[in-house]
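The values are calculated or read from the model by the stated rules, or taken from the named source; none is laboratory data. Everything numeric here is computed off the predicted structure, so don't read it as measured data. We place every Cβ from the backbone using ideal geometry, glycine too, and count neighbours over all the protein chains shown.
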Amino acid sequence: MQEHYNHKNIESESQEFWKSNKTYLVNENTKNKDGSLKPKFYACSMLPYPSGKLHMGHVRNYTINDVMARHKRMNGFNVLMPMGWDAFGMPAENAAIKSQIPPAKWTYNNIDYMKNQMKSIGLSIDWSREICACSPSYYKWTQWLFLKMLEYGVVYRKTQVVNWDPVDQTVLANEQVIDGHGWRSGALVEKREIPGYYLAITNYAEELLSDLEDKLQLWPEKVKTMQANWIGKSEGLRFTFKHQIKDKNNQLIQDGNLYVFTTRPDTIIGATFCAIATEHPISIHASKNDSAIEAFIISNRLGTTTEAEISTKEKQGIYSGFNAIHPITHEEIPIWISNYVLINYGDGAIMGVPAHDERDFMFAKKYKINIKQVVSSAKNKEFNSEIWQDWYKDTKDRYIINSGAYNGLDCKSAASAISDRIISEKLGQSKIMWRLRDWSISRQRYWGTPIPIIHCNNCGSVPVPYDNLPVILPEDLTPEGNGNPLDKNENFVNCLCPKCGADSKRETDTMDTFIDSSWYFMRYTSFDNTNLPIDNRNDYWMPMDQYIGGIEHAVLHLLYTRFWCKVMRDMHLVNFDEPITKLLCQGMVLNHIFSRKTENGGIEYFKPDDIETIYNENGMATNYLLKKDSSPVIYNGIGTMSKSKNNGVDPQSIIEKWGADTARLFIIFASPPEQTLEWSDAGIEGANRYLRRLWRICYNNKDNIISANSLTEKHDIDISKNPSIQELYFNIYSLLNQSNHDYDRLQYNTIVSASMKMLNSIEQFLQVNSIIDKTHNIAISESLGIVLRVLYPIVPHITWKIWNELGYNNVHGDLIDAIWPKVKKEALVITNVKMVIQVNGKLRSSVNVRYDQNEEEIKKIVLEEPSVLKYINNNIIERIIVVPNKLINIVLKNN
């Protein structure tokens with residue numbers, strides 16, 4: 001064993017050993033020594049996008065996963081920890097446009113680099129199962145599943161309203177539209193209707209919602225709430241406002257019914273207008289003969305289709321020129337065309353109740369529409385039609401007014417009575433509405449999974465035959481930023497119809513990348529099957545026992561994976577309802593942010609390492625200077641590490657300077673997994689000091705430990721007769737007991753604290769027991785063996801090296817498969833302890849006492865000790881301080 005800790009040599013040696021011995025290769029038939037099959041544990045992290053380099057968020061996610069996987073393996077589980085690449089999508093296209101290289105080349109280069117980074121961290125990944133979304137061997141099965149869902153009826157084609165960038169000639173996701181402009185081109189975004197493929201996720205809305213509580217008890221409540229809100233179940237009344245609006249053929253539009261949906265039937269009598277979407281049939285009809293309406297509708301084609309934007313943008317409208325009949329009062333009320341009504345929610349129309357809905361209130365005030373109060377407060381609150389107050393929308397302790405026969409009813413009773421009337425008059429019916437929309441998966445982009453459809457003039461849209469899969473995406477194309485290059489690639493587009501043999505065209509839309517990540521974790525289980533996407537190995541591993549990823553994926557990715565699983569279940573491909581048993585959303589990694597304004601009004605951000613902090617005499621930071629020229633910068637506080645803020649930390653530089661184990665230890669110790677982690681250079685240095693201390697203690701006692709580990713005969717220690725060992729074991733096994741609890745609840749940071757306390761106990765034992773015999777050697781060996789196993793999942797390289805150097809592998813086998821230490825119950829009951837004796841604060845002796853001995857008895861024992869009496873030497877004792885189970889300090893009076 002070398003005298004000094006050298007992380008580079010140790011990590012290189014250990015990683016090479018694990019690689020050459022195929023340590024992390026996993027199969028489904030791993031057995032215990034008695035021949036029984038080990039229980040499985042599937043620990044999976046969300047696969048990364050190969051953007052170029054790992055960031056600290058990646059490192060944290062995968063380290064947490066690795067700690068879990070190693071711990072479970074040592075506890076007798078057959079553990080799968082796989083890895084893959086979410087490799088399709090816009091970032092690769094954008095990089096290709098910028099660098100003029102094909103996205104494939106950019107992607108594969110990044111994968112190679114990031115894979116080597118992962119290996120340098122020491123992750124226990126079974127790389128034989130690696131999948132890549134842009135590999136034909138993977139997306140063949142995505143296409144296969146698409147076709148199966150098409151047959152099953154879950155996939156369908158329809159015209160969709162999308163965000164269209166007229167410069168880039170592509171559809172934009174909602175998050176790619178910023179203030180109504182394309183995020184890259186800056187062009188005003190248009191709403192267009194184009195055909196596309198959809199997945200009928202709304203068919204599963206009820207089950208997706210109910211299973212959140214019924215089957216996902218081990219998910220964070222925050223995530224379940226976010227999904228429930230996204231699914232958005234609303235129970236209410238769908239009813240009609242009759243009208244006499246006729247189209248050019250003199251036919252009543254929608255049979256003379258303007259249908260709306262409300263969750264507040266109690267306020268129907270307060271409706272003073274109806275508002276319809278710009279795409280509503282009445283809006284289109286009105287625009288044919290009114291240039292102002294036509295101009296309003298055209299202007300509202302700009303902007304996104306998101307509810308978020310619509311909720312925050314200025315409410316605008318125009319009177320359609322038509323009226324509808326109120327279903328109860330039979331009064332005529334105006335129909336307005338408005339930008340705050342979504343065509344794809346309900347019937348694309350709402351009733352406007354300005355007195356009891358803030359959005360309607362603002363709209364009515366702007367356009368001078370009547371505001372009619374129908375709900376009043378039982379607490380004599382005054383209604384003011386000039387100012388919105390939040391109590392206007394409340395139902396608790398409210399009653400109905402200005403509503404004829406319904407006056408005086410509470411809101412719930414009024415809602416029931418009014419609903420009954422409308423239903424009895426056949427003007428409406430009870431209905432459940434969902435915020436959730438069917439999943440649009442068509443993207444007018446190149447770098448994605450090709451949709452396996454052929455368009456034939458004779459046969460229409462024809463699925464690609466299964467034996468012709470995969471439809472290969474050409475990898476040599478370079479996007480130019482002006483549309484989908486597949487449209488211009490004749491070798492890809494031109495083909496023959498599988499049905500009639502006529503010249504036909506391939507579908508050039510590719511799939512939403514969320515498709516790729518909706519089922520990848522199942523492919524890990526059956527990675528080498530060339531005949532089917534999954535096989536019976538999937539039944540063995542799935543569902544995942546633990547899934548780990550960021551809270552930013554709480555809604556779409558996780559919702560889509562749940563939906564995809566349920567569809568596969570209904571197609572008899574899997575036999576479980578939910579793919580994820582337990583979910584952990586790790587916290588973000590934070591760092592300091594420094595910036596200053598540029599001459600042209602922009603903001604320039606600087607790396608924290610490039611900043612010098614100036615402190616005053618009280619230790620308070622007063623100024624921040626750029627090291628290279630001492631120019632001032634502004635401190636912007638703590639924020640998430642990001643490229644845009646230039647406050648990221650390169651994991652590779654940390655690993656090279658300090659070692660993977662140091663990086664892992666800091667990441668685990670700095671914060672519980674689900675909380676944010678604040679980066680700290682001092683914390684990294686502290687983690688490294690601890691590892692060097694561990695190494696030093698092991699090196700200094702290596703001969704004694706090796707001697708104990710080489711004993712061929714079992715040597716039991718009677719700890720009741722050895723107070724110092726009893727105290728050591730009490731501390732070690734108490735901390736082990738706590739560590740077991742913390743491992744189970746994923747509080748890994750406190751496990752590091754426990755290991756530090758264990759090491760302190762060992763050091764104290766060594767300091768007090770200067771004369772070492774065989775019994776003491778065994779105690780040290782046993783205690784350090786526990787420390788190494790407790791720490792191994794967190795810092796596998798240094799612990800593996802020490803384990804082997806000190807001969808533990810000869811006793812317990814290789815560390816990764818060593819049996820997790822069992823808590824000795826007898827060690828948790830301490831009978832005797834050694835207490836240090838001080839005289840005026842100076843160490844003079846020690847004494848063994850019972851663990852539960854009272855203070856007066858301890859004082860009496862101490863004052864009878866000859867080794868203590870000589871220091872008292874007839875001096876007057878002022879007081880005796882007893883620190884239970886630790887020390888006694890005799891304070892003498894000054895003469």
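Tabulated values for the structure
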read-out: Spans of helices (runs of 4 or more DSSP H) in the range 1-118 with at least 1 residues among the hydroxyl-bearing types (Ser, Thr, Tyr), outside the structural domain of Thr640 (by TED's automatic domain parsing) and over 25 Å from Thr561 (Cα atoms); value: 7-20, 90-99
read-out: Verdict on Ile706 being part of a helix (DSSP H, G or I), modelled with pLDDT of 85 or more, out of contact with any strand residue (DSSP E or B) (no Cβ under 9 Å at 6 or more places or on another chain) and surrounded by fewer than 19 Cβ atoms within 10 Å (Cβ to Cβ); value: yes
read-out: Checking Gly501 against (1) closer than 19 Å to Ala133 by Cα; (2) out of contact with any Cys (no Cβ under 9 Å at 6 or more places or on another chain), the condition it does not meet; value: (1)
read-out: Sole exception among (1) modelled with pLDDT under 95; (2) among the acidic types (Asp, Glu); (3) in contact with a strand residue (DSSP E or B) (Cβ under 6 Å, 6 or more places away or on another chain) for Glu507, by number; value: (1)
read-out: From Lys365, Lys372, Lys393, residue being assigned by TED's automatic domain parsing to the domain that holds Thr267, under 24 Å from Gln316 (Cβ atoms) and in contact (Cβ under 8 Å) with a residue 40 or more places away in the chain; value: Lys372
read-out: Residue in the range 243-273 that is surrounded by the most Cβ atoms within 10 Å (Cβ to Cβ), counting only those that are in contact with a His (Cβ under 9 Å, 6 or more places away or on another chain) and part of a strand (DSSP E or B); value: Leu258
read-out: Yes/no for Gly587 being loosely packed, with under 13 Cβ neighbours inside 10 Å, under 25 Å from His55 (Cβ atoms), touching a strand residue (DSSP E or B) at 6+ places or on another chain (Cβ under 7 Å) and in contact (Cβ under 8 Å) with a residue 24 or more places away in the chain; value: no
read-out: Failed condition for Met118, given (1) within 19 Å of Ser526 (Cβ to Cβ); (2) in contact with a helix residue (DSSP H, G or I) (Cβ under 9 Å, 6 or more places away or on another chain); value: (1)
read-out: Residue selected from the range 383-422 under the condition in a helix (DSSP H, G or I) and hydroxyl-bearing (Ser, Thr, Tyr), by the criterion surrounded by the most Cβ atoms within 10 Å (Cβ to Cβ); value: Tyr392
read-out: Cβ pairs under 8 Å, 6+ apart, first in the range 318-339 and in the same structural domain as Glu294 (by TED's automatic domain parsing) and closer than 16 Å to Thr240 by Cβ, second buried (at least 18 other Cβ atoms within 10 Å of the Cβ) and of a type in the set (S, T, N, Q); value: Pro327/Thr240; Glu332/Asn323; Ile333/Thr272; Ile333/Asn323; Ile335/Ser320; Ile335/Asn323
read-out: Neighbours by Cβ (under 9 Å, 6+ apart or cross-chain): first from the range 251-263, assigned by TED's automatic domain parsing to the domain that holds Asp347 and over 18 Å from Ile423 (Cα atoms); second part of a loop (DSSP other than H, G, I, E, B) and among the acidic types (Asp, Glu); value: Ile253/Asp247; Gln254/Asp347
read-out: Residue among Ile794, Ile786 that alone is part of a loop (DSSP other than H, G, I, E, B) and at pLDDT 95 or above; value: Ile794
read-out: Index of the failed condition, Lys222 passing every other in (1) surrounded by 14 or more Cβ atoms within 10 Å (Cβ to Cβ); (2) outside the structural domain of Gly428 (by TED's automatic domain parsing); (3) in contact (Cβ under 8 Å) with a residue 40 or more places away in the chain; value: (1)
read-out: Lone qualifier among Leu237, Leu199, Leu212 - being buried (at least 19 other Cβ atoms within 10 Å of the Cβ), within 30 Å of Asp577 (Cβ to Cβ), touching a helix residue (DSSP H, G or I) at 6+ places or on another chain (Cβ under 6 Å) and modelled with pLDDT of 95 or more; value: Leu212
read-out: Of all residues in the range 62-99 being β-branched (Val, Ile, Thr) and modelled with pLDDT of 95 or more, the one that is farthest from Ile668 (Cα to Cα); value: Val79
read-out: Listing of strands (runs of 3 or more DSSP E) fully contained in the range 464-557 that carry 3 or more residues being within 21 Å of Asp86 (Cα to Cα); value: 546-550
read-out: Residues of the range 565-610 that turn out to be over 28 Å from Ile667 (Cα atoms) and outside any loop (DSSP other than H, G, I, E, B), as a count; value: 10
read-out: Pairs where the first residue, in the range 18-33, is under 22 Å from Asn804 (Cα atoms) and the second is among the polar types (S, T, N, Q), C-beta under 7 Å, 6+ apart; value: Tyr24/Ser124; Leu25/Ser128
read-out: Test: Thr525 is buried (at least 16 other Cβ atoms within 10 Å of the Cβ), among the β-branched types (Val, Ile, Thr), within 22 Å of Leu172 (Cα to Cα) and touching a strand residue (DSSP E or B) at 6+ places or on another chain (Cβ under 8 Å); value: no
read-out: Where a residue in the range 448-464 is more than 14 Å from Phe492 (Cβ to Cβ) and its partner, wherever it lies, is surrounded by fewer than 22 Cβ atoms within 10 Å (Cβ to Cβ) and small (Gly, Ala, Ser), with Cβ under 7 Å and at least six apart; value: Cys456/Ala502; Cys456/Ser504; Asn457/Ala502; Asn458/Ala502
read-out: Number of the condition not met by Thr676 [criteria: (1) in contact with a strand residue (DSSP E or B) (Cβ under 8 Å, 6 or more places away or on another chain); (2) in the same structural domain as Arg596 (by TED's automatic domain parsing); (3) modelled with pLDDT of 90 or more]; value: (2)
